[in-house]
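Each reported figure results from applying straightforward, stated rules to the coordinates on display, with no laboratory input. Just so we're clear, the structure is a prediction, and the values are computed from it rather than from any experiment. Using ideal geometry, Cβ is built from the backbone for each residue, glycine included, and neighbour counts are taken over all protein chains shown.
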Amino acid sequence: MATSVLACALIALSPPRTQTIGVDDRVHQDDGQQPARVARERVSRDMLELAGTRAGDIVYDLGSLDSVPILAARNFGARAYGVGLEAAQAEAARRSARERGVAQQVTFIEGNLLTASYSEATVVTLDLSPGLNLILEPVLHRELRPGTRIVSRRFGIGAWRADRTVQASDGTTLYLWTVQRPPAREPDIFFVPTEQAIVEQMLELAGVKSDDVVYDLGSGDGRMVIIAAQKYGARGVGVELDPALVRTSNDVAAAAQVGDRVRFIEGDLFDVDLSDATVVTLFLSQSVNRRLEAKLKRELRTGARVVSHQFDMGDWPPERTVRAGDGTSLFLWTIRKP
Ligand SMILES: C[S@@+](CC[C@H](N)C(=O)[O-])C[C@H]1O[C@@H](n2cnc3c(N)ncnc32)[C@H](O)[C@@H]1O
């Protein structure tokens, strides 16, 4: 049981599998272009299709050649920009746009793709290198509005988890991200997942059973409550400020087939009513735990258990402390009321 549950959770938490997207071989075969160019245009079209490009979109192709912007305008009705060309490339790309009848809808911008402004983009395409994608990541997070789609050919963007990966017509991998709303406020502590073996240790320490309701405060990618539901049959509630992590949690819960036993609240853990929790799990910090102490004592029922990974509760002594597999401590408290 333990092995299959863990394997299932691992599968659910891993990136989505690569699919192959359809190729329409009719595109541009009749206009006498060279094979390399035809192949490049097919991949460009795959990228724009994956982004769901449509009329009204504003496409920025970073580190551009001419094919993505020209196709975006010609085949998808978008307004398009190619950014980061050298002067001679930009001139050739403009000539090509004129020849293809889309000079009005396409702009080629010479210069540094790291310092250009992309804030009006609704679609961004990248065919760069792992290093450049990594340098671009904070720029993209800062510049792009929620709902903007990013497609990268061949490479991911640092540790940013792609929503989808597909195989392009030339066999290369295409990655898709949709920019999420930022958290309503700065989280008290940033996302670092608890290792799955330690998640299980925490749930064991709390003695989780099928009639428990497990709340994970600051639930990250949802693993704590998903494993509580999968392995122990418990119900679970995750509370998380970051909408992107809430979305991941819902995706993982659905893939792990526990969507009916867990739910994720996008919100501040200090604002959520804990009165139906029988177990609360924490991986926050000592200062956040201390700020939580009064709320836990006030809202939790007698017999509810609180387990914290790594951080104790200051003046509230734990009833048990055990060593976790990663060398940190796990702390257990049980709520007792007079
Ligand atoms: C260290 S991670 C732990 C994630 C998860 N509980 C685990 O053990 O894998 C802390 C999480 O708390 C979230 N967080 C921080 N402050 C929060 C707050 N006030 N309300 C809700 N979530 C918060 C962060 O976004 C982050 O995902």
For this session: Let me know the volume per residue of the alpha-carbon convex hull for the stretch 231-276, in Å³.
Result: 71
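Over all directions, what mean area does the Cα convex hull of the chain project, stated in square nanometres? Working shown, then result.
Values: hull surface 78.3 nm².
Averaged projected hull area, Cα only: 19.6 nm².
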Problem set entry | Long-range amide H partners of residue 164 with built H, under 5 Å | 176
Exercise. Taking the highest mean first, how do the peptides 97-108, 222-233 order by number of other beta carbon atoms within 10 angstrom per residue?
Worked result: 222-233, 97-108
Exercise. Hey, which aspartates and glutamates would be in cross-link range of residue 231, C-alpha to C-alpha under 15 Å, not counting anything within fewer than 8 residues on its own chain?
Worked result: 200, 204, 211, 212, 260
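Once you have the alpha carbon radius of gyration of the stretch 196-334, what is it after dividing by 2.2 N^0.38 Å, with N set to its residue count? All intermediate terms of the calculation are to be shown ahead of the outcome.
Working: Rg = 13.7 Å, N = 139, 2.2 N^0.38 = 14.3 Å.
The stretch 196-334 yields a ratio of 0.95.
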For this session: Counting residues in the stretch 131-210 as N, plug N into 2.2 N^0.38 Å and put the Cα Rg over that result.
Result: 1.52
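Please give the calculated 222 nm ellipticity per residue for the chain, where each DSSP H segment of at least 4 residues contributes -39500 (n - 2.57) and the sum is spread over every residue; nearest 500 deg cm²/dmol?
On the way: 9 runs with 112 residues, N = 338.
When only DSSP H runs of four or more count, the value is -10500 deg cm²/dmol.
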For this session: Order these peptides, 270-276, 211-217, by their mean beta-carbon neighbour count within 10 angstrom, highest first.
Result: 211-217, 270-276
For this session: Give me the lysines in straight-line cross-link reach of residue 295: C-alpha distance below 27 Å, same-chain residues under 8 apart excluded.
Result: 209, 337
Exercise. What are the principal axis extents of the Cα atoms in the stretch 76-192, in Å, biggest first?
Worked result: 54, 32, 27
Problem set entry | Rounded to 5, percent antiparallel among DSSP beta bridges of the chain | 35
For this session: Considering Cα pairs under 8 angstrom that are at least six residues apart, work out the relative contact order of the chain and quote it in whole percent.
Result: 13
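If we sort 279-292, 254-267 on the protection proxy, mean other Cβ atoms within 10 Å, highest first, what's the order? Mind dumping the intermediate values first?
Values: 279-292: 20.2, 254-267: 17.6.
Order by mean packing, descending: 279-292, 254-267.
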